[in-house]
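The values are calculated or read from the model by the stated rules, or taken from the named source; none is laboratory data. This one's a predicted model, so the numbers in the text were calculated from it and none came from an experiment. With ideal geometry, Cβ positions are generated from the backbone for all residues, glycine too; neighbour counts draw on all protein chains shown. Keep in mind that these areas ignore ligands, DNA and RNA; they rest on the heavy atoms of the full protein, side chains included. Shrake-Rupley method; radii C 1.70, N 1.55, O 1.52, S 1.80 Å.
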Amino acid sequence: MQTRNAVAIIGAGFSGSLLALHLLESGPEDLTIFLIERAAGFGRGLAYGTRDPHHLLNVRVGNMSAFPDRPRHLEQWLASWGDDEIAHPAAFITRRAYGDYLGSMLRAAVSRPNGAGRLLLVHDEVVRLAPSGRGLRLTLAMGTQLDVEAAALGIGNLPSAPPAGVDLTGLPDGLYAADPWAETALHRLSKTAPVLLLGTGLTMVDIALSLKTRGHEGTLFGLSRRGLTPRRHGELPPAAHETPKIPDVSLSRLLRWQRERARKLGWREAIDALRPATQALWRGASKEKRRRFLRHLRPWWEVHRHRMAPAVADQIEALRASGQLVIAAGRLVSASQRGMSVEVVWRPRGGGHDQAAGFGRIINCTGPGGDPSLAGPLIRSLIAEGAGRADPLRAGLEVDDACRLIGAGGTVNPRLYAVGPITKGSFWEVSAVPDIRNQVVEVAASVLAQLAAQPVVVATHAAEGASPFRSYDRPIL
């Protein structure tokens, strides 16, 4: 399909949908935007596709506007529905309601006179992306090909990694759910069956609440290496503090500095004050410093930084107090089928005798992964053809400061961008709405500047590799 002055956005969750809206609003009148989504529905993605009323946002309404320059946008949208209780900056709304918010903006965009025919919603999957005379050619699963000047990956979180040290792939689907969000993950599960939840973070919280909603009565056993669970938000937003000047010291000394600030300000305030500086701190850290953080501090950062809404925390505490939800620290040793159940052996953290128990199902709740090798055919083909590469710590795809993919040999593709969690390896904190929306604004400006520019000379970050994306000999327009 030939379309002049076109951009493709692959993925229509929050990252991709918001990028489409910004390009539509700021781009030229002749710009066509293909927003391509393989799953049903646009604007929701995995995070906001849930229908469970107990699944709440873990960020307050006041900080969840889709537009950084319009902080009350979400609040005003909620007020238009006449519910003053949730149209409050301190409220935590359902993730389904937030998906409605995003979907309403897309519907409004395609119905406006300047949006009709410019934003095209494509329900299909991109399986290959290659250079073409105009820029890039996308091949879709249904056989369609699209030629565009630039493209952006907004595919959201990568699949969860399989548990280390134990191969669960041989277990039947009814005994092991590798994807906790799959439609079959909770299907045909006896209400009285004990369930092993691998991981004790926010994904475990969601699945435990989903099981509660379904009336599950069996024990929910949460297992992770440290047995840490997300902390709760305070009843009121924490007091604002200026972003501190962060000392350039070792990771251990930096931890001591942060603990001292937490004692003075309160841990929530100390963590939140770091938010504006987190990406710069990560970008400036050496590979070894990042590796040490991921190995030793990441679990502690995650449970303090990504918290539960108070109403969610109350439900989790009630499940634990009743004994239905049990949290343990340890690691999985083995798992084998025993009739209609799975026999599990796990080893407690810090030593002690191995423990054995039977479960009706194991559900992988370890949370979003970062290994691109576990992604779909598009990401695998980009890496195989040299157009992209994994971050050195396999936390996502590697991108430069402008969010352009870095491929084989360090080659930067000036026409291929990425936004959202797929860039976590380069920016770390880029999974929450407040971080993504700022990134999207910058990427939209870069894409539009790209479309208006003269032919581009591809930059290189290292020795050249054999990437077919290395050079272009035609103008973008």
- Task: Hey, can you tell me all the residues within the range 409-430 that are surrounded by fewer than 21 Cβ atoms within 10 Å (Cβ to Cβ) and either under 19 Å from the mean Cα position of the chain (by Cα) or modelled with pLDDT of 95 or more (or both)?
- Result: 429
- First in the range 392-404 and among the hydrophobic types (A, V, I, L, M, F, W, C), second anywhere and surrounded by 16 or more Cβ atoms within 10 Å (Cβ to Cβ) and part of a loop (DSSP other than H, G, I, E, B), Cβ under 7 Å, 6 or more apart: 395/370; 397/388; 397/391; 403/419
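If I go through the range 55-82 residue by residue, how many of them are more than 20 Å from the chain's Cα centre (by Cα) and either under 19 Å from residue 306 (Cα atoms) or among the small types (Gly, Ala, Ser) (or both)? It would help to see each step written out before you state the result.
Residues of the range 55-82 that are more than 20 Å from the chain's Cα centre (by Cα), as a first pass: 62, 69-82.
Narrowing the set further to residues that are either under 19 Å from residue 306 (Cα atoms) or among the small types (Gly, Ala, Ser) (or both) leaves 62, 79-80, 82.
Count: 4.
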- Message: The conditions are (1) open to solvent by less than 40 Å² (accessible area, probe 1.4 Å); (2) closer than 26 Å to residue 424 by Cβ; (3) over 25 Å from the mean Cα position of the chain (by Cα), and residue 224 fails exactly one of them. Which is it?
- Response: (3)
- State all residues of the range 186-208 that are closer than 23 Å to residue 323 by Cα and assigned to a loop (DSSP other than H, G, I, E, B); if no residue qualifies, say none. 186, 189, 190, 191, 192, 193, 194, 199, 200, 201
- Query: Does residue 381 meet the test of being part of a strand (DSSP E or B) and of a type in the set (Ser, Thr, Tyr)?
  - Reply: no
- Restricted to the range 1-12 and to residues being in a loop (DSSP other than H, G, I, E, B) and either of a type in the set (Lys, Arg) or modelled with pLDDT of 90 or more (or both), the residue farthest from residue 204 (Cα to Cα) is 4
- Task: Run residue 199 past the list (1) in contact with a Cys (Cβ under 8 Å, 6 or more places away or on another chain); (2) at negative phi and report the number of the one that doesn't hold.
- Result: (2)
- Query: residue 169 versus (1) in a loop (DSSP other than H, G, I, E, B); (2) in contact with a Phe, Trp or Tyr (Cβ under 9 Å, 6 or more places away or on another chain); (3) closer than 15 Å to residue 46 by Cβ: which is the lone unmet condition?
  - Reply: (3)
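Please work out if residue 38 is open to solvent by 30 Å² or more (accessible area, probe 1.4 Å) and either within 17 Å of residue 154 (Cα to Cα) or modelled with pLDDT of 90 or more (or both).
It is true that residue 38 is open to solvent by 30 Å² or more (accessible area, probe 1.4 Å) and either within 17 Å of residue 154 (Cα to Cα) or modelled with pLDDT of 90 or more (or both).
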- Message: Looking at residue 48 and the list (1) modelled with pLDDT of 80 or more; (2) open to solvent by less than 70 Å² (accessible area, probe 1.4 Å); (3) among the hydroxyl-bearing types (Ser, Thr, Tyr), which single condition is not satisfied?
- Response: (1)
- Counting only residues that are over 26 Å from residue 11 (Cα atoms) and touching a residue at least 24 places away in the same chain (Cβ under 8 Å), the range 70-103 contains a total of 6
- Message: Here's a check for you: in the range 133-152, which residue that is buried (at least 17 other Cβ atoms within 10 Å of the Cβ) and in a loop (DSSP other than H, G, I, E, B) is modelled with the lowest pLDDT?
- Response: 134
- For residue 286: the one exception among (1) modelled with pLDDT under 95; (2) open to solvent by less than 50 Å² (accessible area, probe 1.4 Å): (2)
- Counting only helices (runs of 4 or more DSSP H) wholly inside the range 218-301, the ones holding at least 3 residues that are out of contact with any His (no Cβ under 9 Å at 6 or more places or on another chain) and under 30 Å from residue 314 (Cβ atoms) are 251-265, 267-283
- Boolean, residue 358 is surrounded by fewer than 17 Cβ atoms within 10 Å (Cβ to Cβ) and small (Gly, Ala, Ser): yes
- Looking only at the range 106-129, decide whether some residue is closer than 30 Å to residue 203 by Cβ, open to solvent by 50 Å² or more (accessible area, probe 1.4 Å) and out of contact with any Asp or Glu (no Cβ under 9 Å at 6 or more places or on another chain). yes
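Tell me which residues, restricted to the range 17-73, are of a type in the set (Gly, Ala, Ser), outside any helix (DSSP H, G or I) and farther than 21 Å from residue 181 by Cα. Outline the logic, then answer.
As a first pass, look at the range 17-73 and keep what is of a type in the set (Gly, Ala, Ser): 17, 20, 26-27, 39-41, 43, 45, 47, 49, 62, 65-66.
Pick out the ones that are also outside any helix (DSSP H, G or I) and you get 27, 39-41, 43, 45, 47, 49, 65-66.
27, 65, 66 - these are the residues of the range 17-73 that are of a type in the set (Gly, Ala, Ser), outside any helix (DSSP H, G or I) and farther than 21 Å from residue 181 by Cα.
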- Note on the structure: Condition set small (Gly, Ala, Ser) and either surrounded by 14 or more Cβ atoms within 10 Å (Cβ to Cβ) or in a helix (DSSP H, G or I) (or both), scope the range 433-454, selection nearest to the chain's Cα centre (by Cα): answer is 444
- Message: For the range 320-349, give me each residue that is in contact (Cβ under 8 Å) with a residue 40 or more places away in the chain, among the small types (Gly, Ala, Ser) and either touching a Lys or Arg at 6+ places or on another chain (Cβ under 9 Å) or open to solvent by 80 Å² or more (accessible area, probe 1.4 Å) (or both).
- Response: 328, 329, 330, 341
- Item | In the range 364-377, residue nearest to residue 156 (Cα to Cα) [restricted to those that are outside any loop (DSSP other than H, G, I, E, B) and open to solvent by 10 Å² or more (accessible area, probe 1.4 Å)] | 369
- Kindly provide the set of residues from the range 171-214 that are touching a residue at least 24 places away in the same chain (Cβ under 8 Å), of a type in the set (Gly, Ala, Ser) and either within 19 Å of residue 336 (Cβ to Cβ) or open to solvent by 30 Å² or more (accessible area, probe 1.4 Å) (or both), ordered by number. 174, 177, 178, 190, 193
